[in-house]
Amino acid sequence: MSKLAVTPSAAKTDFDLSPGNRSKRRGANLKVARPTSMSVAGLYKSYRKGKLEVPVLKGVDLSVAEGSFTAIVGQSGSGKSTLLHLLGTLDAPDAGEIHYCDQRIDNLPSKQLEKLRNTQFGLIFQFYHLLPELTTLENVLIPRMVQDGFIQYLRNKKKYVQRATELLDLVGLTHRLTHKPSELSGGEMQRTAIARSLISNPSVLLADEPTGNLDAENGAEVMDTLHRLRDQENLTLIMVTHDNELANKADHVINLVNGVVAD
Amino acid sequence: MYKLLLSWRYLKTRFIALASIVSVTLGVATLIVVNSVMAGFVDQMQSRLHGILSDVEVAAPLLGEITYPKEHVAVIRELLGDDVEELTCVVRNPALLSFEFHGRQWTQQVMLMGIDDETFGKVTDFEPYLTNELKRERFSFELEEKGYESKYQPSGWEYRRRVAENKKQLADLMQQHQNAYDVAAASYVDATESNGRVAKVDGPDGERKVQLRPLPAKVPKHSEAAQEGIESVHQATTIPNSLAAKSSEKAQKVSPFDPHAKLRPQVNPEDMFDARKDQYTGIILGQAISQRKTTDADGKIVDLYMVRPGDDVQIMFPSVGSRAQPVSDNCTVVDFYSSNMHEYDSTFAFMPLSALQDMRGMIDPLTGDGTVSTIQIKLKEGANLDAARDKLIARFPPSQYPYDIHTWQDTQRPLLSAVTMELTILNILLFLIIAVAGFGILATFFMIVVEKTRDIGILKALGAPSRGVMSIFLGYGVSLGMVGTGAGIVLGLIFIRYINNIADLVAFVTGQEVFDPMIYYFSEIPTIVSPLMVLLVAVGAIGIAVLASVLPALRAARLHPVEALRYE
């Protein structure tokens, strides 16, 4: 289990998200000493319920290396989902810092956060969270639609559709392109969600109990897909799970107990 | 892109939202129909109200006079300059109109207008409302041979000749009866005298007594000749020449039962007025003056015209001057005026200006110029009526001239403002219907936003900005508003297109005439579709739909992604 103390890096206000920067970092990935992809220091988060303040995270420190597979385990209510949401910038911490590629991201303006979520992070949820009105292909294309303006999207559409078809082929859903989520099985929906999370070529994949809602067979299939894609796309995978068997396959396991990382 | 896609998919999959905009559709359709019909009404009403009212009028008090009208006209022309299109002088006075119907004399009040047949039609919309098509083309006060509408038939010269012929025959018949009676009476006198039936007897005390002699066995009550004459009248309308000659001779000579016989003027029959060839001064009556509504055997309402073109009527009114005298004369009805404005049609009668001036004694015997009671002015298209009126009032101040100077709108101000207010209130009320529809949309949208909370969370998690999420729902609202408004416009226009068929259908189903032509005076419901009105209604309706979707859209935009994702 690797746990690195993160020293605050020199605050860079501008966040460089250019593909050149990323590919350079990916190249560096091949070195034995992998650079840090994400790191978290002194993270606090509490939820308010009326007057009652419920602390969830009480000073979490952790670091994730590029291209690694990290599993976050813990009991229900230990704050693992909250931690993943904070990592995915869906929520802001009360205190502490989150770094991505040596840059602090928890205090970025919302516009840059949106761009970050859209292009750098792929999110996978326990309940798939597909849009029920759209077909499988359209669901996969949504991040690209969000990313581009109307005209730009139409111009790039061919390329995107090709990429989406490729991804759906990778997850084994070539025959389901025009089906609505309601016509898919749970495993198929989750694989669609995985394809969606990869359409923008992210570097980090954040998965919140991706197999939690699936039977063993489908769960194994989804995990297979994830592992295969991680190798193929050279992704950093951070997965929340309460399944110890799954966690054991990870490079690192972070055990959250009562809002802190247990050794 | 995702905004459009999702708006479109929501529109396609949520029919309950479409149901919520049915009220927008109905509101828009109603607004368009009501506005178009009201515009049609107002337009027809205005043109009818304007009808025989000139743009601006300089009027003397009722029964009063404007002296030196020529000078007045010159002053007005100079004052208003290029704005004046045409001027005309009119004599206007209340009068009594009496006519014969079924042997009885009917009298009623009219507003008699003496009009100049050259200029009056140019100043007012008089001629289009005449019922005779020939008169509409070429106006005159002469009775026409034909061209009268079938509902007035029989009318015109043919009718007049027939009536005159009948009257003449009747008069001849009466005359023959009279003659025969005269002959009989005369011969009776002869007979009694020759018989010496009455004897004067001097009584013994010197008193004269009249004593009747005993009747002879055969009393010749009528002479044979007289008897024959009466019978011949009964047998035929023609009297044997000899007898006729004898009887007329006798009648002129002695007729003890006709004390005026000797005083009768001897008129050459050639010079006498013959209704078969001549007419009196032409008069045009408002159609409703002599019109009565009655039901026929089937219970249908029919118009009954007590006077027809070709009939003679009598008019009576006071002359001008300090000691007004009643003046009366015969006139021949030459046409009807039918503006379908009951107020005008039941009031006005028109006759030639010079004839009326002459009858009322308005013509100065020295100069030959007549006075008038109003000067009517038509201004050029687009000229400011109120400004012209104010100029005239300044030139003819009330302190010096007792004139009433007004525009036609002043005259009909109460009616016009009532209609305008009615239209405004209707529009407000109907727009409230669309506003109510707006609240329906608001409620439906809130439901949809709640239903779509998780989708909103997903989109935000995938990096969609709040603005984008908001525009999905705004776009949804706009499209719903446009669909509803578009459908409403189409529905409204179709309704207007077939409004008369629909009215007929409603009349057929309910058995109740929607717009009774007897009351409303139009056979078809008038409509005017103004593109600007349609545009305003459409913009208003879409605006309300957008406003109603702003709140739900804001709510959607403010949703926190984590909470939205957790939402079950």
### Query
Among the helices (runs of 4 or more DSSP H) contained in segment B:473-568, which hold 1 or more residues that are more than 14 Å from chain A (Cβ to nearest Cβ)?
B:499-510, B:517-520, B:531-558
### Task
Inspect segment B:331-346 for any residue being in contact (Cβ under 8 Å) with a residue 12 or more places away in the chain, more than 27 Å from B:S150 (Cβ to Cβ), of a type in the set (A, V, I, L, M) and in contact with a helix residue (DSSP H, G or I) (Cβ under 8 Å, 6 or more places away or on another chain) and give the result as yes or no.
no
### Task
Give the residues of segment A:206-253 that are among the β-branched types (V, I, T) and more than 23 Å from A:S39 (Cβ to Cβ), sorted by residue number.
A:T211, A:V222, A:T225
### Task
State whether the residues of segment A:119-134 include one that is among the aromatic types (F, W, Y) and surrounded by fewer than 19 Cβ atoms within 10 Å (Cβ to Cβ).
yes
### Query
Which condition number does B:D82 fail, the rest of (1) at pLDDT 90 or above; (2) in contact with a Lys or Arg (Cβ under 9 Å, 6 or more places away or on another chain) being met?
(1)
### Message
So if I check each of A:L256, A:L237, which one is modelled with pLDDT of 85 or more, more than 19 Å from A:L43 (Cα to Cα) and not in a helix (DSSP H, G or I)?
### Response
A:L237
### Task
With the condition kept exactly as written, say whether any residue in segment A:73-88 is within 9 Å of another protein chain (Cβ to nearest Cβ), assigned to a helix (DSSP H, G or I), among the hydroxyl-bearing types (S, T, Y) and free of Cβ contacts under 8 Å to residues at least 12 places away in the same chain.
no
### Task
Return yes when B:G321 is at pLDDT below 90 and over 16 Å from the mean Cα position of the chain (by Cα) and no when it is not.
yes
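Against the definition (among the acidic types (D, E) and either in contact (Cβ under 8 Å) with a residue 60 or more places away in the chain or within 14 Å of another protein chain (Cβ to nearest Cβ) (or both)), how does A:E209 come out, yes or no?
Working: among the acidic types (D, E): yes; either in contact (Cβ under 8 Å) with a residue 60 or more places away in the chain or within 14 Å of another protein chain (Cβ to nearest Cβ) (or both): yes.
So A:E209 fits the description; yes.
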### Task
Please go through segment A:70-118 and pick out each residue that is surrounded by fewer than 19 Cβ atoms within 10 Å (Cβ to Cβ) and of a type in the set (S, T, Y).
A:S76, A:S110
### Summary
Those strands (runs of 3 or more DSSP E) completely within segment B:266-323 that have 1 or more residues that are touching a Lys or Arg at 6+ places or on another chain (Cβ under 9 Å) are B:281-286, B:301-305, B:312-318
### Task
Given the conditions (1) farther than 16 Å from B:V24 by Cβ; (2) surrounded by fewer than 20 Cβ atoms within 10 Å (Cβ to Cβ); (3) in contact with a helix residue (DSSP H, G or I) (Cβ under 6 Å, 6 or more places away or on another chain), report the number of the one that B:L491 does not fulfil.
(1)
### Message
Suppose the filter is over 26 Å from B:V537 (Cα atoms) and of a type in the set (K, R); does B:K12 pass it?
### Response
no
### Message
Within segment B:525-544, does at least one residue satisfy the condition of being polar (S, T, N, Q) and within 23 Å of B:A443 (Cα to Cα)?
### Response
no
### Query
Given A:V140, A:V204, A:V161, which one is modelled with pLDDT of 90 or more and crowded, with 24+ Cβ neighbours inside 10 Å?
A:V140
### Task
Would you point out which residue out of A:G219, A:G212 is of a type in the set (G, A, S) and in a loop (DSSP other than H, G, I, E, B)?
A:G212
### Query
Which helices (runs of 4 or more DSSP H) does segment B:384-460 wholly contain that include 1 or more residues that are within 14 Å of chain A (Cβ to nearest Cβ) and under 30 Å from B:R558 (Cβ atoms)?
B:413-451
### Query
Between a first residue in segment B:1-25 that is within 8 Å of another protein chain (Cβ to nearest Cβ) and a second residue that is of a type in the set (D, E, K, R), which pairs have beta carbons less than 6 Å apart while being 6 or more apart in sequence or on different chains?
B:R9/A:E133; B:T13/A:E133
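The values are calculated or read from the model by the stated rules, or taken from the named source; none is laboratory data. Please read these numbers as outputs of a predicted model, since none were measured by experiment. Cβ: placed from backbone, ideal geometry, glycine included. Neighbour counts: every protein chain shown.
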